[in-house]
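> To start, I am sharing the structure in question, which I have written as structure tokens.
The values are calculated or read from the model by the stated rules, or taken from the named source; none is laboratory data. Quick caveat, the model's predicted, so the values are computed rather than measured. Cβ placement follows ideal geometry from the backbone for every residue including glycine, while neighbour counts extend to all protein chains displayed. In case anyone asks, the SASA skips ligands and DNA or RNA and just uses the protein heavy atoms, side chains included. Shrake-Rupley method; radii C 1.70, N 1.55, O 1.52, S 1.80 Å.
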Amino acid sequence: MSAIAFPAPDAGILARRDAILAGLRPLVAPDALITSEDERRPYETDALTAYRRMPLAVVLPSTTREVAAVLRYCSEQGVPVVPRGAGTSLAGGAIPQEDAVVIGVSKMNRILEIDYANRVAKVQAGVTNLAVSGAVSADGFFYAPDPSSQLACSIGGNIGMNSGGAHCLKYGVTTNNILGVTLVMLDGSIVEIGGSHLDSPGYDLLGLINGSEGQLGIVTEATVRILRQAEGARPVLFGFPTSVEAGAAVAAIIGAGIIPVAMEFMDKPAIEICEAFAHAGYPMDCGALLIIEVEGSEAEMDAQLARIVAIAREHGVGTVKESKSAMETAAIWKGRKSAFGATGRIADYICMDGTIPTGQLPFVLERMDEIIKGYGLRVANVFHAGDGNLHPLILYNCNDPIEAQKAEDAGNDILKLCVEVGGCLTGEHGVGIEKRDLMTVQFNEVDLHQQQRVRAVFDPRWLMNPAKVFPLEGRIAA
């Protein structure tokens, strides 16, 4: 597929490659500068593997000061920079370009401080999401955002894309769980934004950094909120005859003011794919499945579940199956967390990411099915139903250019549908290159220019992740 355009590489930068590499060498350890084609190849794409570009070089600093030195040098040389976490971006947020230096934070992987009294932890940006919970779980704490890629994805990348996860219905996404960051700006300046407390004086720049997709600077450290684990948690499987009935149940539960800790949706294709992989005990005789998890004391969980079951019965639920053991709970979540990988075993796919008002779920699920069938394709739906964050997996053959283009077009139509019903283009994957050219569907020219003016304050020459987020045409400078 080649429908998404990239800026033409700067011939002058390409001609100066040897000199640029010579200038980078003294700034980091010898093994932190990657220059050969074979060693650069793993960095030519991210989880949006349909697109790839070989970067000019890759730098893997170990400290904030090394990041600052590399950014300062690239700024002086006019060389574009592409920040990279773990490369799990499904929107192409870390795909480089030929005249750009990739700056990865994977070597910055230390947990610097854990403060239980104030319920915070300070970590370097390359620490994996799951490692934060792993470091505090023995003491009864956890870090709430839990993307499906949490075994691999890094905190720096989570901040860049404002990542979410299954349990963010109750606890919020990354922006709700980050208290402060160390940010290195393009000129090498190191600034501290936020802190280790709930609120900070001055402008809310932290809200600006979360979800900025590496266009305002590179986060090297973060102070994250850690939470006390609940007394108990219980996932329950709800099987419905159709996706529309399951969607209506979700809307009714949220509309009733009930906020479970998680509410995940799978349609029949997704159920079959995940059950074949994880053997999670999912009901196979239903058209759609909800995984609803509640937490608290036994009495609290019983009371909340009673209300949820009553609403589910009003919407035709056929199966209600509670987890009876820690092993069953682990299997239920293994199936859900493995959905993307399990789907990759049977077909190539594009994983979309749009968000809608939960009240629109029944209509949108029907309309999505019509869109996919109109292109002659198949889809497996698995998503965060409680907050309306859709993740349709559009199945196609990547070796068939016509089918690949159909898959991309179908995905674009679904994202336009999300906007039409009052939602937005992304919930947790970011814009990257995937949705860049759809930004005009979400925003008018005045809106886009205002966002670009803010961006240009940090990076007037568009050197930071320049191919991403905003359409290539009509960009403005500071």
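> Given +1 on the Cβ of Lys and Arg, -1 on the Cβ of Asp and Glu, and no further charges, what dipole in debye does region 182-302 carry about its Cα centre, rounded to the nearest 20?
Roughly 80 debye for region 182-302.
> Determine, for each peptide in 394-404, 84-94, 145-155, 268-278, the mean count of other beta carbons within 10 angstrom over its residues, then list the peptides with the highest first.
Output ranking for 394-404, 84-94, 145-155, 268-278: 84-94, 145-155, 268-278, 394-404.
> Of the cross-linked pairs LYS170/LYS324; LYS268/LYS373; LYS268/LYS334; LYS373/LYS406; LYS321/LYS373, which ones have a Cα-Cα span greater than 21 Å in the structure shown?
LYS170/LYS324; LYS321/LYS373
> Something else about it: How many Å² of accessible area per residue for region 197-269, probe 1.4 Å?
Value for region 197-269: 37 Å² per residue.
> Tell me the Kirkwood radius of the chain: reciprocal of the mean inverse pair distance over distinct alpha-carbon atoms, in Å.
23.1
> If one takes the longest principal axis of the Cα atoms in the chain, at what angle in degrees, from 0 to 90 and to the nearest 10, does the Cα axis of helix 243-255 lie?
80
> Per the 1.4 Å probe, what fraction of the accessible area of the chain, in percent, lies on carbon and sulfur atoms?
53
> So, one more: Counting every Cα pair in region 1-114, what percent are over 24 Å apart?
The share of Cα pairs beyond 24 Å in region 1-114 comes to 23 percent.
> Next question. Over region 3-69, what number does the Rg to Rh ratio reach, with both radii from the alpha-carbon atoms and Rh per Kirkwood?
My calculation puts Rg/Rh at 1.00.
> Measure nothing but the geometry: give the 0 to 90° angle between the long axis through the Cα atoms of 268-278 and the longest principal axis through the Cα atoms of the chain, rounded to 10°.
The angle comes out at about 80 degrees.
> Something else about it: With angles folded into 0 to 90 degrees, how steeply does helix 445-458 sit against the dominant principal axis of the chain? Use alpha carbons for both and round to 10.
Helix 445-458 sits at roughly 50 degrees to that axis.
> Per-residue ellipticity at 222 nm for the chain, helices alone: DSSP H runs ≥ 4 residues times -39500 (n - 2.57), over residue total, nearest 500 deg cm²/dmol?
-10000 deg cm²/dmol
> If you don't mind, there's one more thing I want to ask. Rounded to the nearest 20 debye, what is the charge dipole size of the chain about its Cα centre when +1 sits on each Lys and Arg Cβ and -1 on each Asp and Glu Cβ?
640
> Then there's this: Over all alpha-carbon pairs in region 416-478, figure out the percentage whose distance exceeds 19 Å.
The proportion of pairs with Cα distances above 19 Å equals 30 percent.
> Something else about it: Have a look at ALA251, CYS418, ILE114 and report the one farthest towards the positive end of the charge dipole of the chain, computed about the Cα centre with Cβ charges (Lys/Arg +1, Asp/Glu -1).
Of the listed residues, the answer is ILE114.
> Same structure again: Averaged over all directions, how much area does the convex hull of the C-alpha atoms of region 42-201 cover when projected, in nm²?
Average projection, Cα convex hull of region 42-201: 9.9 nm².
> Give me the mean projected area, in nm² to one decimal, of the convex hull enclosing the Cα positions of region 385-438.
Mean shadow area of the hull around the Cα atoms is 4.1 nm².
> Could you quote the convex hull projected area for region 266-382, Cα atoms only and averaged over all directions, in nm²?
Spelled out: convex hull of the Cα atoms, projected over all directions, averaged, 8.4 nm².
> Per residue, how much accessible area does region 109-177 show when a 1.4 Å probe rolls over the protein heavy atoms, in square angstrom?
I get 36 Å² per residue for this part.
> Right, next: What whole-number value in Å² describes the accessible area per residue of region 320-366 for a 1.4 Å probe?
For region 320-366, the per-residue accessible area is 45 Å².
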